[in-house]
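Take a look at the structure set out below.
The values are calculated or read from the model by the stated rules, or taken from the named source; none is laboratory data. From a predicted model like this one, the values you see are computed outputs, not experimental measurements. No Cβ is skipped: glycine too gets one built from the backbone with ideal geometry, and neighbour counts run over all protein chains shown. With ligands, DNA and RNA removed, areas are computed over all heavy atoms of the protein, side chains included. Shrake-Rupley method; radii C 1.70, N 1.55, O 1.52, S 1.80 Å.
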Amino acid sequence: GAVLILKDNEAEELGVDPTLDPKARLKISTLKVSERKRGSKAGELLISLAVREAINYGLEEIYLTHYIDEESDYLVKLISKYGFQHASNEKDGETVFVKRLTPGPGDNPDPLETIIRFYPSFHDGPHIQKFLIPIQPRWHNKLFATYDKRQPTLSEVTGQFIPESNAIKKAYLTHANIRRIEPADILVFYRSHDHKEVTSLGVCEQVEYGMEDPDEIMELVGRRSVFSVSEIEDVAQSPTTVLLFKWHFDFADPIRYRVLRDEDILAGPPQTIQQLDESAYEKIKKLGDIDERFIVN
């Protein structure tokens, strides 16, 4: 239902209008999702894989070429959401799209622009709020497919896609009594009950408070939430906060509860969303070994 073909270190000139200087880039030779798999977020999964490969190769840029269909172009709509920009044209009219993973010379993006144009980079520093979000294992398994200790489901083994797992942009629904979260805030996810550890980092892109209409919630979250339509109808019985966030990284070294407690990051097992002070967050970032190359201060 989907295919991604990559070539690393394609150090060559690109395009003619204008000509882009040769430099080491990751080339996406093919990125294709069949129409029957549209809505599965397979396209976002393939973009995420390409980004991780570029990181593994130490490359700053990814590019692809594409003949644009002006009336309806699924690929252009998809890649534009994750920072691919029209950078040049080939002689035959094919368009060259380039994405940087970090801001380059002359770039001065604001926090929200950063997580779109330069994903997976994100703004950090004392001016950005940080929140710890506990999540139960069954929901964690659905949202964070790349978590090392996760076991594939039977449906995945038989070839089914789980849209909320594939998605870069995910949805989290909660009844937590907190209204301080804002777009561009950093979200740190804590897997509760079984492994009891901080596992992943995301950045809030949009937040809506006090939602009670299940149809409005479904329209907002689409297939990015772990909840089914009937479950969302149940959730919406009480005012609901909807967080739309981008998943950026899993922690290279998930941080166990015992360590979080010993380092005075937590006083007890987290039961609801809580704000992290700068000192606690800096400890988490260091213990989790987040790649500093993708932090914009």
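Tabulated data for the structure shown
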{"item": "P(r) of region 126-285 over all Cα-Cα pairs, binned every 10 Å from zero, in whole percent", "result": "10, 40, 37, 12, 1"}
{"item": "Tail fraction, Cα-Cα pairs, region 15-85, threshold 18 Å, whole percent", "result": "44"}
{"item": "Relative contact order (percent, whole number), the chain, Cα cutoff 8 Å, 6+ residue spacing", "result": "17"}
{"item": "Cross-link partners of Lys283 among lysines (Cα-Cα below 20 Å; sequence separation of 8 or more within a chain)", "result": "Lys130, Lys196"}
{"item": "Principal-axis tilt of helix 278-288 within the chain, Cα atoms, nearest 10 degrees", "result": "60"}
{"item": "Lys, Arg +1 and Asp, Glu -1 on Cβ, resulting dipole of the chain about Cα centre, debye, nearest 20", "result": "940"}
{"item": "Length-normalised contact order of region 56-111 in % [C-alpha pairs under 8 Å, at least 6 apart]", "result": "41"}
{"item": "Accessible area of the chain divided out per residue, in Å², using a probe of 1.4 angstrom", "result": "49"}
{"item": "Total formal charge among the other residues, if their Cβ is under 14 angstrom from that of Thr272, Lys/Arg +1 and Asp/Glu -1", "result": "+2"}
{"item": "For the chain: span of alpha carbons on each principal axis (Å, largest first)", "result": "61, 41, 34"}
{"item": "Where the Cα pairs of region 216-286 fall when distances are cut into 5 Å bins, in %", "result": "3, 12, 18, 17, 13, 14, 15, 8, 1"}
{"item": "Cβ-defined net charge surrounding Lys283, 11 Å radius [Lys, Arg +1; Asp, Glu -1]", "result": "-4"}
{"item": "Whole-percent carbon and sulfur share, accessible surface of the chain, 1.4 Å", "result": "46"}
{"item": "Spatially proximal lysines relative to Lys27 (Cα-Cα < 29 Å; intrachain offsets below 8 disregarded)", "result": "Lys7, Lys37, Lys41, Lys77, Lys81, Lys91, Lys99, Lys169, Lys170, Lys246"}
{"item": "Residue-averaged 222 nm ellipticity for the chain, from DSSP H runs of 4+ at -39500 (n - 2.57), nearest 500", "result": "-7000 deg cm²/dmol"}
{"item": "Cα Rg, Dmax, region 1-146, angstrom units", "result": "16.8, 53"}
{"item": "For Phe227, net neighbour charge (Lys/Arg +1, Asp/Glu -1) across residues whose Cβ lies under 11 Å away", "result": "-1"}
{"item": "Gaussian network model of the chain, Cα within-10 Å springs - most flexible of Glu44, Glu12, Glu205", "result": "Glu12"}
